[in-house]
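Read the figures in this text as sums done on the coordinates, not as results from a lab. All values reported here derive from a predicted model rather than from experimental measurement. Heads up, the Cβs are rebuilt from the backbone with ideal geometry, glycines too, and the neighbour counts pull from every protein chain shown.
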Amino acid sequence: MTLPRDGAREARFALLTEESELHLIDVGDGGRTARTRLGVAAGRGTTALGYAAGTGLVLGGGRLVGFDPGDGAELFSHACAGLDASCPRRAGGVPGPVAADGVLVHWTDTRTLQGVDLRDGREPLWRVSFEATGRRPPAVGGGCVYVTAGAEVRAIGLRDGERRARWSLPGAEGTVTALAADTRGWYALLGGRSVRAVNAPAR
């Protein structure tokens, strides 16, 4: 993964090994700028590297780890339900984190969603529990997090985790195959056959 240029710091590659070593490599000359050990190891198809709001991210082995993109030092570590539940696929099929306005959102387990402030990720901003299992990554738009668990979609505040709205999807349990959002509302792909679009909740 490439970490973008930041101030006087040149762009770098971040590489994670099967021995839990994180290597930061200067894009310009190929020299290693940092080498450190994180609490997660690379695993084929089960690990993803990401970047959001100036923080490097590694998801794998049931953990979400934040690291300093300058020296690779571990900043925080939280339980995570895994790639399929927390990281949507980007262009080319590469998984990426769900983050907006400096807040990272992910499933800590199959029924608990968590928001983390990337400026100080050691303590979560909020946690929200659901009665049903969350199988899809959440989506963020217009200051709201949209999340599907069971046969419902719920909107919660990005920074406070407070419930803003709830929509029932009768007969749709387990059939939401993708969820997206923007400032206007949310969009769900149901069973790969139809799309439901709903306006954002009133403020």
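Assign one of three labels to the stretch 105-191, namely rounded, prolate or oblate, based on the Cα gyration tensor with a ≥ b ≥ c the square roots of its eigenvalues; rounded applies when a/c is under 1.5, prolate when it is not and a/b is larger than b/c, and oblate otherwise.
prolate
Rounded, prolate or oblate: which fits the stretch 55-139 when a ≥ b ≥ c are the square roots of the eigenvalues of the alpha-carbon gyration tensor, with rounded for a/c under 1.5 and prolate only if a/b beats b/c?
oblate
Roughly how far apart, in whole Å, are the Cα centres of the stretch 156-196 and the stretch 94-145?
Result: 14 Å between the Cα centres.
Under the rule a/c < 1.5 gives rounded, and otherwise a/b versus b/c splits prolate from oblate, where does the stretch 6-110 land using the Cα gyration tensor?
prolate
Tally Lys/Arg at +1 and Asp/Glu at -1 over every other residue whose Cβ is under 12 Å from the Cβ of G30; what's the total?
Result for the local shell: -1.
Pick from E162, E18, E152 the residue whose mean-square fluctuation is largest in a GNM of the chain, springs joining Cα atoms under 10 Å.
E18
Which value in deg cm²/dmol, rounded to the nearest 500, describes the helix-derived mean residue ellipticity at 222 nm for the chain, given -39,500 (n - 2.57) per DSSP H run of n ≥ 4 and division by the residue count?
Helix contribution divided over all residues of the chain: -500 deg cm²/dmol.
Compute the semi-axes of the equivalent ellipsoid of the chain, taking the square root of 5 times each eigenvalue of the Cα gyration tensor, and list them largest first in whole Å.
32, 17, 15
If you add up the charges near D84, with Lys and Arg at +1 and Asp and Glu at -1, over every other residue whose beta carbon is less than 13 angstrom from its beta carbon, what do you get?
+3
Determine ³J(HN,Hα), in whole Hz, for all residues of the stretch 127-137 in sequence, where each value follows from phi through the Karplus function 6.51 cos²θ - 1.76 cosθ + 1.60 and θ = phi - 60°; x replaces Gly and Pro.
9, 10, 9, 10, 7, 10, 7, x, 10, 10, x
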